[in-house]
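See structure below.
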Amino acid sequence: VLHTTRPLHTTQRSLAPVPPLPEKGGEVRHGLIPEEFFQFLYPKTGVTGPYMLGTGLLLYFLSKEIYVINHETVAAACILSVIIYGIKKFGADVAAFADKLNEEKVATALAVKNEALQALQTAIEEEKKEQWRVEGRSYLFDAKRNNVAMLLEANYRERLLTVYSEVKKRLDYQVAMQNLKRQKEQEHMIQWVEKNVVQSITPQQQKESIAKCILDLKALSQSAHAAV
Amino acid sequence: MAGRRAALKAVDWAAFAERVPPNQRAMFNALKTRNDALTARLAALPEKPPAIDWAFYKANVAKAGMVDEFQKKFSALKVPEPVDTQTAKIDAQEKEAAKSTAEYIEASKARITQYEHQLQKLKSMIPFEQMTFEDLSEAFPETKLNKEKYPFWPHKPIADL
């Protein structure tokens, strides 16, 4: 991606926020020279242009001794080769590691945000539920009033019942008393009559009745003998 | 007779039970058992006591006038109804409850609007990858570093790191 194409502050709304930075940096060739340079020279010199330019410049510096080859050249060559080897071998891993660290930070932030969202949603639902619950309070008062009414009614009925049973008890008592008295009178009369009758039987009458009984018995036994 | 037989309102115990929050279940159960006990007691009592057979007693009781006197007094007797002291209190309680529930619902609605406001803010946030630290401090003001109180890095007490 060539970043020369990024439009910055080109339109009327030049104070608007800048669009976010691109994910990857600008492309470079050989790790040093940006691609824009090659594109810049392409129309005039084609694909090999910049390389020719580079080679020519290098030979010019060497031959005119603008750049002198001394021991530091060798040192530079060794150091550079080690560095380039290191980057080529471990570059990708290190980049991935750094990216992972960043990813973790972003992921924690995202998790926090999602949790907050979730908590808010549940809080809203809970509140709605509590409101719904509150609507049921009329049931409570109805039940209480029912209780009171039932208690009063039961009490009233109990009172009626008590009155009735008391009156009935009294009347029944009267009737029972009368019955008992009558019964006792009857018994007493019977006994008195019996006693008087027994008393009125004189000894003379007793003898006569006993003689009659014996005669009757004899007659009966004779008839019984005869029957057997 | 006025006042007697205030009709019992049918209470939908299933719907009632649904709306009871778990921490008040015990009270609800107590109320229900009380109600059931009272219903059973009421159902066991007859509505009117049986009528007394005055003719029988008049024929059988010898004491003159006693049965007539009893009959007169009995029909003249008015059993006093138990006085209802609690319904007024219950109505007052209900009014109070209505008021406090209205307040509670108001507060609840305010809370809901607050939560929804927060929700909107969170949903319309830019993604974290495109934020700078300034943007983060705007979205979550609690992460803002207090540079006046702690002028040196890390701008918060070491214990908070």
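The values are calculated or read from the model by the stated rules, or taken from the named source; none is laboratory data. Please read all numbers here as calculations on a predicted model, not as lab measurements. Note: ideal-geometry Cβ built from the backbone for every residue, glycine included; neighbour counts use all protein chains shown.
Points worth noting:
- Once segment B:52-84 is narrowed to residues that are part of a loop (DSSP other than H, G, I, E, B) and more than 9 Å from chain A (Cβ to nearest Cβ), the residue that is farthest from A:ASN155 (Cα to Cα) is B:ALA64.
- Of all residues in segment B:36-51 being touching a helix residue (DSSP H, G or I) at 6+ places or on another chain (Cβ under 6 Å) and assigned to a helix (DSSP H, G or I), the one that is nearest to A:TYR139 (Cα to Cα): B:LEU38
- Meets criteria (facing chain B (nearest Cβ under 7 Å), loosely packed, with under 15 Cβ neighbours inside 10 Å and not charged (D, E, K, R)) for A:GLN178: yes
- Verdict on A:TYR85 being exposed (fewer than 13 other Cβ atoms within 10 Å of the Cβ), in a helix (DSSP H, G or I) and of a type in the set (Phe, Trp, Tyr): yes
- Search result, residues across segment B:87-128 that are modelled with pLDDT of 90 or more and among the aromatic types (Phe, Trp, Tyr): B:TYR115
- Tally, over segment B:78-93, of residues that are surrounded by 10 or more Cβ atoms within 10 Å (Cβ to Cβ) and either farther than 18 Å from A:LEU161 by Cβ or not charged (D, E, K, R) (or both): 10
- The single condition among (1) assigned to a helix (DSSP H, G or I); (2) more than 28 Å from B:GLU129 (Cα to Cα) that A:ALA109 does not satisfy is (2).
- B:SER124 being free of Cβ contacts under 8 Å to residues at least 60 places away in the same chain, under 30 Å from A:LYS105 (Cα atoms) and in contact with a Lys or Arg (Cβ under 8 Å, 6 or more places away or on another chain): no
- Count - residues of segment A:172-207 that are at pLDDT below 85 and of a type in the set (Ser, Thr, Tyr): 2
- Qualifying residue in segment A:149-163 (condition: outside any helix (DSSP H, G or I) and more than 7 Å from every other protein chain (Cβ to nearest Cβ)): no
- Selection status of B:SER137, under 46 Å from the mean Cα position of the chain (by Cα) and more than 20 Å from A:LEU120 (Cβ to Cβ): yes
- Residue match in segment A:93-109 (condition: within 7 Å of chain B (Cβ to nearest Cβ), within 30 Å of B:ILE126 (Cβ to Cβ) and at pLDDT 85 or above): yes
- B:ALA43 under 30 Å from A:GLN178 (Cα atoms) and either at the interface with chain A (Cβ under 7 Å from one of its Cβ atoms) or without any contact (Cβ under 8 Å) to a residue 24 or more places away in the chain (or both): no
- Just one residue in the set A:PRO43, A:PRO50 is over 29 Å from B:ALA139 (Cβ atoms) and in contact with a Phe, Trp or Tyr (Cβ under 7 Å, 6 or more places away or on another chain); that residue is A:PRO50.
- The set of residues in segment B:97-133 that are more than 7 Å from every other protein chain (Cβ to nearest Cβ), over 17 Å from A:ILE124 (Cβ atoms) and part of a helix (DSSP H, G or I) comprises B:ALA98, B:LYS99, B:SER100, B:ALA102, B:GLU103, B:PHE133.
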